[in-house]
Amino acid sequence: MLELEGVYAGYKDLRVLWGISLRVGEGELVALVGPNGAGKTTTLRIISGLLKPTAGSVRFYGCSLDREPPHRIVEMGISQVPEGGRIFTGMSVEENLELGAFTARARREKEQRMKWVYQLFPRLEERKNQRAGTLSGGERQMLAIGRALMAQPRLLLLDEPSFGLAPILVEQMFEMIQEINQQDVAVLLVEQNVRAALELAQRAYVIENGRIVGEGSGDALLSFESVRSAYLG
Amino acid sequence: MPTTVAQSLVSGILVGALYGLAAVGLSLVFGVTKILNVAHGELLMLGGYASFWLFTLLGVDPFGGIPLSMFALVLIGLIMYQLFFSRLIKLPTEDKIRNSLLIGFGLGLILQNIALRLWTADNRGITTAYAGATFTVLGVRLPYVRVASLVIAFVFLLALQLFLRRTYIGKAIRATAQDWEAATLMGINVHGIYRLSFVLGAALAGAAGTLVAVGYSVEPVMGMHWTLKSLIVLVMGGIGSIAGTLVGGLILGVTESAAAIWISNYRHVIGLAIFILVLLIRPQGLFGAKEG
Ligand SMILES: Nc1ncnc2c1ncn2[C@@H]1O[C@H](COP(=O)(O)OP(=O)(O)OP(=O)(O)O)[C@@H](O)[C@H]1O
Ligand SMILES: [Mg+2]
C-alpha cells in the first residue's frame with residue numbers, strides 16, 4: 001500500500017536521506033530501526049508530507065503523495081504519532097480525541113470510533129475530562145495513539161512510542177500495537193527498542209546514515225550478525 | 001469629590017471594554033499565526049470610518065451596521081493577509097515576528113495616508129439622534145451609546161470564547177495555536193486556519209472601530225494609539241486568554257482615567273508603566289498559563 005522509492009531529502013544544506021526505498025503492505029506490521037540521527041523521523045516526516053523529497057517518490061495505493069499537503073495525506077488514510085506524542089496539553093483528553101477525527105471522513109464516525117479507542121485504552125475514558133497536560137507519560141502516549149486512530153488510518157506511523165516508558169509499560173505498549181495491527185491497520189514502527197520491535201514486526205528495515213542497509217523478516221534480522229552486534233549487544 | 005472618582009472609574013470601565021475588544025483580535029492573530037500585526041490599530045480605524053461612511057452616506061445606524069463594517073474588514077483583512085502576511089507564514093517564529101513588524105508598520109503608514117486622503121485629518125464622530133443622550137445612576141452620568149458599546153463588547157468576547165471552546169473549527173484554531181505541526185497531523189489545514197484567524201482578527205477590529213467611532217471619534221492617526229493599547233492589554237492579559245484580555249483592558253482603562261484625575265498629563269505613561277511592571281513580574285501575563 002505504501003511505497004517509497006529512491007527518496008532523497010534533507011533540511012537546508014544538510015542531506016539526511018540518501019535514496020531510501022521501502023514498502024509496507026496492506027495490514028502489515030513493519031519496523032524501521034537504526035541508530036540516533038539515522039533518518040528515521042525524517043522518513044516518517046516524508047511519508048506524512050511534513051517534508052518533501054528532493055528526489056524519488058512516495059506512493060500510497062499507487063497515488064503519488066509528492067504534491068499532497070500533509071492534511072490531505074491524513075484524509076487519504078495515513079496517520080502519524082510523532083516523536084514524544086505531541087498531544088494538545090491545554091485541552092481535555094476528549095478534545096484531543098475529537099481533533100483526531102477532524103477530517104470529514106473521520107468525523108462522520110467519530111462516536112463509534114471514540115468508543116473503540118476507549119475500549120483499547122480504558123484509562124483515557126476515566127480521564128476524558130481532564131486536561132491532557134496533567135496525564136502521566138504513559139497516558140500521554142496512549143492519548144497520542146488514540147488520537148491518531150480517531151482519523152481511521154489505513155496506515156499508522158509510530159515514532160518511538162515506547163520512548164521514556166517504564167519497562168512494564170513498554171511491554172503493554174507493544175501488545176497494544178499488535179492489537180491495533182490485528183484490526184487491519186498497517187503499522188510502520190520506528191523503535192529504539194530494537195529487539196522488541198524485531199520480534200513484533202513481520203518485516204523490518206535497518207537504516208544507517210540515511211540509507212537502508214538491511215531488510216528482511218524480523219526473525220531473520222534478529223539473527224543477522226551486524227544487527228546483533230550493533231543493537232542487541 | 002467621590003462623584004468625580006466614581007465618574008472617572010465608570011469612564012475607565014467603558015473605554016476599557018473597548019481596549020479589551022481591540023486587543024482580543026490582535027491577541028488571536030498573534031496567538032495562532034505568530035504574526036504581530038502592528039497595523040491592527042489601523043484596521044480598527046478603518047472599521048470606524050466604515051461605519052462613519054455608512055452613517056453619513058447611507059444613513060445606516062452604527063450599531064445596526066456593525067455586521068457591515070465587520071464584513072468590510074473581512075475583505076480588507078483577507079487582501080492584507082493574502083498579499084503580505086501569508087508570505088511570512090512558513091518562516092520560523094522569530095523571523096515571522098520580526099518581518100511582520102516591518103510589514104505592519106509599512107501597512108499602517110499606508111492606511112493612515114489613505115485615510116487622510118479619503119476623510120481628511122479632521123476628527124469625525126457619528127452624530128446619531130441619540131448620540132448625546134445620557135442617564136444618571138447615583139450621580140454618575142452614563143452615555144447610552146457607551147454603555148451599549150460595553151454590552152456589545154462583552155457579547156463579542158463571550159461569543160468568541162464560545163466559538164473557540166465549543167466548535168470544531170474553534171478547537172482546530174486552538175490546536176493550531178498550540179502546535180501547528182501536530183495540528184497538521186490531525187488533518188487540519190493549518191494554512192486555512194491561519195487565514196481564518198487573521199480575518200477573524202480583522203473583523204473584530206472592525207467591530208471595535210465602530211464602537212470607538214460611535215462612542216468617541218475617529219481620525220487617521222488613531223491607529224498607532226490603539227495598537228499600543230492593544231499591545232499593553234495583550235501583555236497584561238496573556239496570549240490566548242479571552243477573560244484575561246477583557247480584565248486587562250478594564251484595568252488599563254480604569255488606571256488611565258484614575259491617573260487622569262491627579263496627573264492628567266501622564267495618563268498614557270501609566271499604561272506603559274503597567275506594561276513594564278507586568279513584564280517584569282509576570283511575563284506570561286496576569287492570566288496567561290505557564291507552559292505545560
Ligand atoms: N529540523 C531539522 N533541521 C535540521 N536538521 C535536522 C532537523 N531534524 C533532523 N535533522 C537532522 O537530520 C538527521 C536525521 O534526523 P532524524 O530525526 O531523522 O533521526 P532519527 O533517526 O529519528 O534519530 P533519533 O533516533 O535520535 O530520533 C540528524 O542528523 C538531525 O540532526
Ligand atoms: Mg527520531
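What follows draws every value from the coordinates through simple rules; no lab data is involved. Remember, predicted model here, so these are calculated numbers, not experimental data. Because the Cβ atoms are built from the backbone with ideal geometry, glycine has one as well, and the counts that use them run over all protein chains shown.
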Notebook entry, point to check: Can you give the helix-only mean residue ellipticity at 222 nm for the protein assembly as shown, where every DSSP H stretch with n ≥ 4 adds -39500 (n - 2.57) and the sum goes over all residues, rounded to the nearest 500 deg cm²/dmol?
Noted result: -18500 deg cm²/dmol
Check: Across peptide B:185-196, what mean number of C-beta atoms from other chains lies inside 10 Å of a residue's C-beta?
Finding: 6
Notebook entry, point to check: Taking one equal scatterer on every alpha-carbon of segment B:2-281, how large is log10 of I(q)/I(0) by Debye at q = 0.17 1/Å?
Noted result: -1.42
Check: Karplus couplings for segment B:95-100 from phi (6.51 cos²θ - 1.76 cosθ + 1.60, θ = phi - 60°), rounded to Hz, Gly and Pro as x?
Finding: 5, 5, 4, 4, 5, 5
Next item on the list: May I ask for the angle, rounded to the nearest 10°, between helix A:137-149 and the longest principal axis of chain A, with both axes built from Cα atoms and the value confined to 0 to 90°?
Entry: 90 degrees
Next item on the list: Run down the lysines and flag those whose C-alpha is under 26 Å from the C-alpha of A:K110, throwing out any fewer than 8 positions away in its chain.
Entry: A:K128, B:K171
Item checked: Cα-based reach from A:K40 at 24 Å (exclusive), listing lysines while leaving out same-chain residues under 8 positions away -> A:K12, A:K52, B:K90
Note to self: Check which residues have an amide H placed less than 5 Å from B:V60's amide H, if you skip close sequence neighbours.
What the structure shows: B:F55
Check: Taking the Cα centre of the protein assembly as shown as the origin, how large is its charge dipole in debye, to the nearest 20, when only Lys and Arg (+1) and Asp and Glu (-1) carry charge on their Cβ atoms?
Finding: 1300 debye
Note to self: Which one, A:M142, B:L44, B:V60, is farthest towards the positive end of the dipole of the protein assembly as shown when Lys and Arg carry +1 and Asp and Glu -1 on their Cβ?
What the structure shows: B:V60
Item checked: Stokes-Einstein D in µm²/s, Kirkwood radius over Cα pairs - the protein assembly as shown at 37 °C with 0.692 mPa s viscosity -> 128 µm²/s
Note to self: Going by amide H atoms built from the backbone, whose H comes under 5 Å of the H on A:L157, apart from near neighbours?
What the structure shows: A:S79, A:Q80, A:V81, A:L188
Check: Where the only charges are on Cβ atoms (+1 Lys, Arg; -1 Asp, Glu), what is the dipole of segment B:2-281 about its Cα centre, to the nearest 20 debye?
Finding: 300 debye
Notebook entry, point to check: What number, in percent, do you get for the relative contact order of chain B if the mean sequence gap of Cα pairs under 8 Å and at least 6 apart is divided by its residue count?
Noted result: 39 percent
Check: So how compact is segment A:1-130: Cα radius of gyration and Dmax in angstrom?
Finding: 16.7, 47
Item checked: Between helix B:144-166 and chain B: long-axis angle, C-alpha atoms, 0 to 90°, nearest 10 -> 20 degrees
Checklist line | Nearest-ten-degree value, helix B:2-33 long axis tilted from longest Cα axis of chain B | finding: 20 degrees
Next item on the list: For a footprinting-style exposure proxy, rank A:E179, A:E98, A:E191 by other Cβ within 10 Å, fewest first.
Entry: A:E179, A:E98, A:E191
Next item on the list: Determine, for each peptide in A:141-152, B:91-102, B:129-140, the mean count of other beta carbons within 10 angstrom over its residues, then list the peptides with the highest first.
Entry: A:141-152, B:91-102, B:129-140
Next item on the list: May I ask you to list the aspartates and glutamates whose Cα is less than 15 Å away from that of A:K115, ignoring any residue fewer than eight positions away on the same chain?
Entry: A:E94, A:E95, A:E98, A:E125, A:E126
Next item on the list: Can you quote the Å³ per residue value for the convex hull of the Cα atoms in segment B:114-196, rounded to an integer?
Entry: 184 Å³
